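J.: Following this message is one structure expressed as structure tokens.
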Amino acid sequence: MAEGFNTEAMLDMYLFENQQLLERLQETVLEQKDEDCFDEDAINEIFRTMHTIKGSSGVMMFDEITSVSHKLEDIFYVLRESHPENVPHLKLVEHVLEVADFITNELNKIENGEAADGNASEIITGLEAFLKEI
């Protein structure tokens, strides 16, 4: 490893950036939860947010955060590229908030010096089912 490489600073930056992303994600979702669907800008923003969290979590080797953010990214990729009709919006909002809550809880553990030991398998199963539904 490079001399002077500071993993503590890297972890601090990871936590700060992802907490900021999650705050903005929740704002976006709450702004549009009463709509019929997410608009194109929101879809792109949520996709980019999940892509960024997935990538940075992969680098930091937080596998469950990586996996759950990847699965939600997949859903927003389909929304962005395929424009499916009759997407159950409230169900999608619930999924996004569930993922955001999971990641937030894991980040809080990390920030407190605990292991990011949450299991996202049930959330991922629900996201996979939703992906098949749309």
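J.: Only one of (1) in contact (Cβ under 8 Å) with a residue 12 or more places away in the chain; (2) surrounded by fewer than 21 Cβ atoms within 10 Å (Cβ to Cβ) is not met by ASN112, so which one is it?
T.: (1)
J.: Could you list, in sequence order, the residues of the stretch 123-134 that are surrounded by 11 or more Cβ atoms within 10 Å (Cβ to Cβ), out of contact with any His (no Cβ under 7 Å at 6 or more places or on another chain) and not hydroxyl-bearing (Ser, Thr, Tyr)?
T.: Hits for the stretch 123-134 are ILE123, ILE124, GLU128, LEU131, GLU133, ILE134.
J.: State the number of residues belonging to the stretch 104-123 that are in a helix (DSSP H, G or I) and of a type in the set (A, V, I, L, M, F, W, C).
T.: Within the stretch 104-123, the first condition is being in a helix (DSSP H, G or I), and the residues that meet it are 104-111, 121-123.
Still in the list and also of a type in the set (A, V, I, L, M, F, W, C): 107, 110, 123.
Count: 3.
J.: Also, I was wondering about something else. Among the residues of the stretch 88-103, are any among the acidic types (Asp, Glu), in a helix (DSSP H, G or I), over 19 Å from ILE134 (Cβ atoms) and touching a residue at least 60 places away in the same chain (Cβ under 8 Å)? If you could, list the steps in order and put the result at the bottom.
T.: Looking only at the stretch 88-103, we keep the residues that are among the acidic types (Asp, Glu), and these are 94, 98, 101.
After this cut, where a residue has to be in a helix (DSSP H, G or I) as well, the list is 94, 98, 101.
Imposing the further condition that a residue be over 19 Å from ILE134 (Cβ atoms) reduces the set to 101.
Those still in the list that are touching a residue at least 60 places away in the same chain (Cβ under 8 Å) too: none.
Looking through the stretch 88-103, none of the residues is among the acidic types (Asp, Glu), in a helix (DSSP H, G or I), over 19 Å from ILE134 (Cβ atoms) and touching a residue at least 60 places away in the same chain (Cβ under 8 Å).
J.: I need the full set of residues from the stretch 11-48 which are of a type in the set (Ser, Thr, Tyr) and closer than 13 Å to LEU97 by Cα, in order please. Steps first, please.
T.: Narrowing the stretch 11-48 to residues of a type in the set (Ser, Thr, Tyr): 14, 28.
Result: THR28, single match.
J.: Just checking, which of THR49, THR28 is modelled with pLDDT of 95 or more, among the polar types (S, T, N, Q) and within 22 Å of GLU128 (Cβ to Cβ)? Please lay out each step first, then the result.
T.: Numbers: THR28 fails: within 22 Å of GLU128 (Cβ to Cβ).
Of THR49, THR28, the one residue that is modelled with pLDDT of 95 or more, among the polar types (S, T, N, Q) and within 22 Å of GLU128 (Cβ to Cβ) is THR49.
J.: Here is a follow-up. How many residues are under 14 Å from the mean Cα position of the chain (by Cα) and of a type outside the set (A, V, I, L, M, F, W, C) when one looks only at the stretch 95-120?
T.: 6
The values are calculated or read from the model by the stated rules, or taken from the named source; none is laboratory data. Here the structure is a predicted model, which means the values were calculated and not measured. Using ideal geometry, Cβ is built from the backbone for each residue, glycine included, and neighbour counts are taken over all protein chains shown.
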